[in-house]
Amino acid sequence: MKKLGSAVFLPFALFSCVLTSCKQAQQPTTAQSGEYVLPQPQPEFKGVIGTTYKDSKPDKIAVINPPKGAPNVLMILIDDSGFGQWGTFGGQTPTPNLDRLAKSGISFLRFHTTALCSPTRAALLTGRNHHSVGMGNITELADAYPGYSGQIPKTAAMFPEILRQNGYTTEYIGKNHQIADWETSLAGPYDRWPSLQGFDHFYGFIGGETNQWQPPLFRDTTPVEMEIPKGREGHYTLNDSLADEVIKYIHNQKSVTPDRPFFIYYAPGATHAPHHVPKEWIDKFKGQFDQGWDKYREEAYQRQLKLGVIPADTKLTPRPAEIPAWDSLTPDQKRVASRLMETFAAYTAQTDYEVGRVLDALDETGITKDTLVLWEIGDNGASLEGTLYGAFNEFTGLAGVPEDPAYLIKHIDEIGGPTSYNHIPVGWAWACNTPFQWGKQVASHFGGTRNPLVVSWPGHISDPGGKRLQFHHVIDIAPTIIEAAGIPQPTEVNGVRQKPIEGISMMYSFKDPTAAEQRHIQYFEMFGNRALYKDGWIAVCRHGRLPWVNVGSADFDKDTWELYDVSKDFSEANNIAAQNPDKLKELQADFMTEAKKYNVLPLDDRFIERGDPRLRPSLIEGRTQFLYYSGAAHIPESSVADTSNKSFTMTANIDVPKTGGSDGVIVAKGGVAGGYTLFIKQAKPRFEYNWYTQERYKIASSASVTPGKNVIKVDFKYDGGGIGKGGLVTLYLNDKKVGEGRVEKTEVAGRFSADETFDTGFDSASPVSADYKSPFSFPGTVNKVEIDIAPTNLSQSDRKKIEIAQVRALLTRE
C-alpha cells in the first residue's frame, strides 16, 4: 500500500508470538460460578523471587492457546445479492467457485438476513438481533431510540473479540458499515472501528458502498490509496485488491504462526452498486439478458427446480403491479436495461472468481481441511433501489432529476467503467430474487431476507453437497463459530457485562440433515415492513413506501397482514390469512412480544424526520467559517462545509515552488459521480463543478500563478429562488479578477457521493474533473483553505425538500 503522511504500515504483525516455541500456555477456563470472563485472569506467579536473579527462579511466560482442534474460520459476506442471482442457486450467471464450495459442504436454503446492510452485519458479528444492538437501520439514519442508535453497545461484544482473546488472529477485509456516520472522520472516536472491536487489522472502506475503480480505503484507521499492480491499469478493481489482501494475510499468518488459527471476515463491496467491473468481464455476457426480467424469472425458477434448491412444489410468485413488465419498455429502455444487467452479471461472476482465488490459497497452503468456511450470498436481497429503468449515475436521484434516456444511450458503452456509477432497474433486481416476492429493504417477504448460506468444514459434515432446510437467521452465525472453536460464550468482556447471545448454533445440523429445527421463532422488521416466523408459519406485513421511492410514510393502522404456511409454501405464494384468522392473530401478538423484547419499538417508517441531520451529532452545525490547514484531507463530506443552496467564498493560500511546476489540485470535494475542484493546470487556476456527470461547468483563469505566495479565491453568488439553483462564479488571483462563469445547476443535499471525501493538496479516490487523473498532487504547499458560507434564504417548503434530498443521499450509502 502507499504511504500517506509519515506513517508506515506493516502488512502483518511479524512480531507475533510463535506459539510453538512457548513452553506453557493458558487454556480457556470457566470460573466455578459457571461464568466465563474475558480477558481471563492473569495466572498466578509460580516462580521464586529472591534478592537477586541468583537466588530467584522465573516462572514460564504464559500465552493463550486456542482450544485443541479449533479451526481457521473464513467468513465471506456478499453484498446486495438475491436468491436467484448466482448460478449455484438457479441464477443465469455461472458461479463455479460457489458451486465448488457447495459440493464440498452444505447449503442452508432457509437462511435469513434482516433485509438491509448495517443491520445484517451488526447481527452477524454480535450474534444478537439488529435492534437489540442499536442497529435497527443503517448507521446514517440513526436516532436516539435504543434500537436505532447506530452504535453497537459494549454489552454486545463482537465474536471476533471472543476469538482474539482465545488465541486467534483476526483480520477484517472489505466493507464496514457499522460505524455511526458522525464517527467516520479522522477525528474519531474509534471505539466502533474494527481495531477496537476484535480485529487485529482492517483493510477496506467505511460506509455502504464505494467506487470499485478508485475507492477511498483505510488500513486500520489510516487512509490509503488502492495500489494497482503495474500493467493492470484499467483491469484492476477493489474486488481484486481485497482478494489479494486476504491471500497475503493467509500466507503471512501461516508463515509466522502455522499452528495458530485465524478468523478472516471477508466482506467485498460486491455486488452492491456501483456495479463496476472490467470490460473483459462484461463482454462475456453481451446479449445474454435480452429476454428481459419476466422471462428470466421463469427460466431461473425452472433451473432452481432442476437443481433441487427449492422444493418440487414451490410456486413462482407473480410480478407486483408496481414493477413494469419488460414488454412495456421502449427499445432504448430495453437496450439500457440489458446492458446494466450484463454488467451486474459480470460483477457477480468476477466476485465469484475472486473468492475462488482465496479458496485456492487455502488449498495451496494445505489448510483447507482445517478451515471452516461460511459463504453467505447477500446481506439482503438484490437491491430494488436502482429506479424503475436503471441508472448510469445513481446519484442523479439526489437532485430529484431522472436521467434522460438519450443521456443513458449516449453513455451506454461506459456502463461499468470508471466514469459511471451504475445501478440495475428494479425489474432486474426482482428477477434476481426468484422465486420470492420483493427484495432489499422489504423485511416482510423472503425476497428481502432469504439469502442462501454455504458452509464447508471437511470432516465435520456428514453429506458433502447436501442441503439443509432448517430455518435459520444471520444471528446464528456467531454462536456456530464460537461452538466450532470450542469456546464458551462469555458473560463479561473487557469489564462489561454481556447481554446473552440471541442466536442458536447451527452445528447440530452439520452431521444430521434431518435434525429437528432448533430455531422456533424469529421476528423481522425494517422501515415498518415486518414479519414473525414461528414453527413453520409466518405472518407478514409489507408497509408503506416502495424501496425505489425513498420518501413517504403510511398509517400503521391501515396495514394488511398476510399469512403463509412456509413448511409447505417455500416462496410465500399462497396467502391463507383469511382461512386462519386465529393463527394470524397469534403471530401478530407474538411479533409485538418480540418487538418489545428486542427494542424494535417504536415502529417508525419515517424517512424525512429520521434522516434529519439535526437529530444526530454534527461537526459542522452552526458554523459559517471553515479553515482547512496544510495536510487536511480524507474528510467525509458530512464533516465539511456545506456549500449547497447558498452563496460562499473559498480562499486558498498557497506557495508555488520555484522549480517543478505548479499544476495540481488545491482543494476538491466529491469525485467522478459529482463534486467541485479548484486546481491549477498549465499554471492557470481553474474551478470546475461536476453536476452528477451530466453537466460540467468550468471557469478558467486568464492569468498564471507565479513562484512564491499566491492567493486564489472562488466567489459563488447563488441565484436563490429555491434549491439546486445556479449561480455566478468569479475567480480571483491575488485580489485580481481573472475569470467568471455560470454554474446553472447545483447539488441540494450537502454531499455529492456515498464515499468520496474533501481533500486539500490533491484529489483522493476518483477525480472530480475529467481534465486530470487522481491524485494530481499540487507540487507546492497549500497553507490554508478558508470557506465562508452565507446564510441560506429558503422557504420552509424548500427546507423540507432539502431534508428529503439529504435522506436520499444517506440511503444511497447503505
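The table for this structure:
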{"quantity": "Some residue of the stretch 441-454 being under 27 Å from PRO402 (Cβ atoms), of a type in the set (S, T, N, Q) and either in contact with a helix residue (DSSP H, G or I) (Cβ under 6 Å, 6 or more places away or on another chain) or assigned to a loop (DSSP other than H, G, I, E, B) (or both)", "calculated": "yes"}
{"quantity": "Enumeration of residues in the stretch 285-301 that are surrounded by fewer than 20 Cβ atoms within 10 Å (Cβ to Cβ) and in contact with a Gly (Cβ under 6 Å, 6 or more places away or on another chain)", "calculated": "none"}
{"quantity": "Residues that are touching a Lys or Arg at 6+ places or on another chain (Cβ under 9 Å) and either assigned to a loop (DSSP other than H, G, I, E, B) or free of Cβ contacts under 8 Å to residues at least 12 places away in the same chain (or both), drawn from the stretch 72-93", "calculated": "ASP79, ASP80, GLY82, PHE83, GLY84, GLY90, GLY91, GLN92"}
{"quantity": "Whichever residue in the stretch 211-221 is part of a loop (DSSP other than H, G, I, E, B) and open to solvent by less than 10 Å² (accessible area, probe 1.4 Å) and, among such residues, is nearest to TYR236 (Cα to Cα)", "calculated": "GLN212"}
{"quantity": "Residue selected from the stretch 71-90 under the condition touching a helix residue (DSSP H, G or I) at 6+ places or on another chain (Cβ under 6 Å) and within 14 Å of TYR347 (Cα to Cα), by the criterion surrounded by the fewest Cβ atoms within 10 Å (Cβ to Cβ)", "calculated": "TRP86"}
{"quantity": "Residues that are closer than 25 Å to LYS658 by Cβ and open to solvent by 50 Å² or more (accessible area, probe 1.4 Å), drawn from the stretch 672-710", "calculated": "LYS681, GLN682, LYS684, ARG686, ALA700, SER702, SER704, THR706, PRO707, LYS709"}
{"quantity": "Some residue of the stretch 270-279 being out of contact with any Ser or Thr (no Cβ under 8 Å at 6 or more places or on another chain) and free of Cβ contacts under 8 Å to residues at least 12 places away in the same chain", "calculated": "no"}
{"quantity": "Residue that is over 27 Å from SER753 (Cα atoms), in contact with a helix residue (DSSP H, G or I) (Cβ under 6 Å, 6 or more places away or on another chain) and not acidic (Asp, Glu), where the choices are VAL336, VAL309, VAL277", "calculated": "VAL309"}
{"quantity": "Options THR677, THR651, THR643, THR693: the member that is part of a strand (DSSP E or B), touching a residue at least 60 places away in the same chain (Cβ under 8 Å) and within 30 Å of the chain's Cα centre (by Cα)", "calculated": "THR677"}
{"quantity": "Residue match in the stretch 203-210 (condition: open to solvent by 10 Å² or more (accessible area, probe 1.4 Å), modelled with pLDDT of 95 or more, among the hydroxyl-bearing types (Ser, Thr, Tyr) and farther than 23 Å from GLY416 by Cα)", "calculated": "no"}
{"quantity": "Leading residue by the ranking (farthest from PHE262 (Cα to Cα)) among those in the stretch 124-161 that are touching a strand residue (DSSP E or B) at 6+ places or on another chain (Cβ under 8 Å) and part of a helix (DSSP H, G or I)", "calculated": "HIS131"}
{"quantity": "All strands (runs of 3 or more DSSP E) inside the stretch 735-802 with 1 or more residues being within 19 Å of ALA700 (Cα to Cα) and open to solvent by 30 Å² or more (accessible area, probe 1.4 Å)", "calculated": "736-743"}
{"quantity": "Residue in the stretch 302-313 that is buried (at least 17 other Cβ atoms within 10 Å of the Cβ) and out of contact with any Ser or Thr (no Cβ under 8 Å at 6 or more places or on another chain) present", "calculated": "yes"}
{"quantity": "GLN253 being open to solvent by 10 Å² or more (accessible area, probe 1.4 Å) and polar (S, T, N, Q)", "calculated": "no"}
{"quantity": "Qualifying position, being over 30 Å from THR480 (Cβ atoms), of a type outside the set (S, T, N, Q), open to solvent by less than 10 Å² (accessible area, probe 1.4 Å) and within 21 Å of the chain's Cα centre (by Cα), among VAL277, VAL246", "calculated": "VAL277"}
{"quantity": "Pairs where the first residue, in the stretch 505-521, is part of a loop (DSSP other than H, G, I, E, B) and modelled with pLDDT of 95 or more and the second is of a type in the set (Gly, Ala, Ser) and surrounded by fewer than 12 Cβ atoms within 10 Å (Cβ to Cβ), C-beta under 8 Å, 6+ apart", "calculated": "PHE510/SER462; LYS511/SER462; ASP512/SER462; PRO513/SER462"}
{"quantity": "Breaking point among (1) surrounded by fewer than 24 Cβ atoms within 10 Å (Cβ to Cβ); (2) outside any loop (DSSP other than H, G, I, E, B); (3) hydrophobic (A, V, I, L, M, F, W, C), for LEU98", "calculated": "(1)"}
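Quick grid of which residues meet (1) open to solvent by less than 20 Å² (accessible area, probe 1.4 Å); (2) part of a loop (DSSP other than H, G, I, E, B); (3) without any contact (Cβ under 8 Å) to a residue 24 or more places away in the chain:
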site: LEU532; (1), (2), (3): yes, no, no
site: ARG545; (1), (2), (3): no, yes, no
site: SER553; (1), (2), (3): no, yes, no
site: THR560; (1), (2), (3): no, yes, yes
site: TYR564; (1), (2), (3): yes, no, no
site: LYS568; (1), (2), (3): no, yes, no
site: GLU572; (1), (2), (3): yes, yes, no
site: LYS583; (1), (2), (3): no, no, no
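Residue-by-condition table, conditions (1) under 30 Å from PHE570 (Cα atoms); (2) touching a Pro at 6+ places or on another chain (Cβ under 8 Å); (3) part of a helix (DSSP H, G or I):
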| position | (1), (2), (3) |
| --- | --- |
| GLY386 | yes, yes, no |
| TYR389 | yes, yes, no |
| THR396 | no, yes, yes |
| VAL401 | no, no, no |
| GLY417 | no, no, no |
| GLY427 | yes, yes, yes |
| ALA431 | yes, no, yes |
| THR434 | yes, no, no |
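The values are calculated or read from the model by the stated rules, or taken from the named source; none is laboratory data. Here the structure is a predicted model, which is why all the values come from computation and not from measurement. No Cβ is skipped: glycine too gets one built from the backbone with ideal geometry, and neighbour counts run over all protein chains shown. Surface areas here come from the heavy atoms of the whole protein model, side chains and all, with no ligands, DNA or RNA. Shrake-Rupley method; radii C 1.70, N 1.55, O 1.52, S 1.80 Å.
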